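Novice: There's a structure below that I have some questions on.
The values are calculated or read from the model by the stated rules, or taken from the named source; none is laboratory data. All of these numbers come straight from a predicted model, not from anything done at the bench. Here the Cβ is made from the backbone with ideal geometry for all residues, glycine too, and neighbour counts use every protein chain on show. Areas reflect the complete protein model, heavy atoms only, side chains present, ligands, DNA and RNA absent. Shrake-Rupley method; radii C 1.70, N 1.55, O 1.52, S 1.80 Å.
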Amino acid sequence: MITGAHSIIYSSDANADMEFFKNVLKFPNVDAGRGWLIFGLPPSEVAVHPAAEGGKCEFYLLCDDINTFIQEMADQKIDCSAVETQRWGSITHLTLPGGGKLGVYEPKHPRP
């Protein structure tokens, strides 16, 4: 029934952020027309968390080794925040060229 998921990141500089996903993260992509890139994602998962009010969504990328990821970003002059250790994983954030924050974490939880 469901064949995939489509996530959207809203950006004040969409072209710069698309270049980041293409050239820094090296995500595979297709041109959907007029230079508008759609990026392939690695295998994904979704979680549903309780909240007083619904409607909020968050987007994180996962990695196998948070310290290696941070070093790879540093090699490309991309700053990452200090690693926060949570019960579910170790997380860092980076700022996209368009100003948005992107979380990346190394999960401790089992993967589906």
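Novice: Listed residues Pro110, Pro50, Pro43, Pro28; which is at pLDDT below 95, open to solvent by 60 Å² or more (accessible area, probe 1.4 Å) and under 19 Å from Ser7 (Cα atoms)?
Specialist: Just a single option satisfies the conditions, and that option is Pro43.
Novice: For the condition surrounded by 11 or more Cβ atoms within 10 Å (Cβ to Cβ) and under 15 Å from the mean Cα position of the chain (by Cα), what is the one hit in Cys63, Cys57?
Specialist: None of the other options fit; the residue is Cys63.
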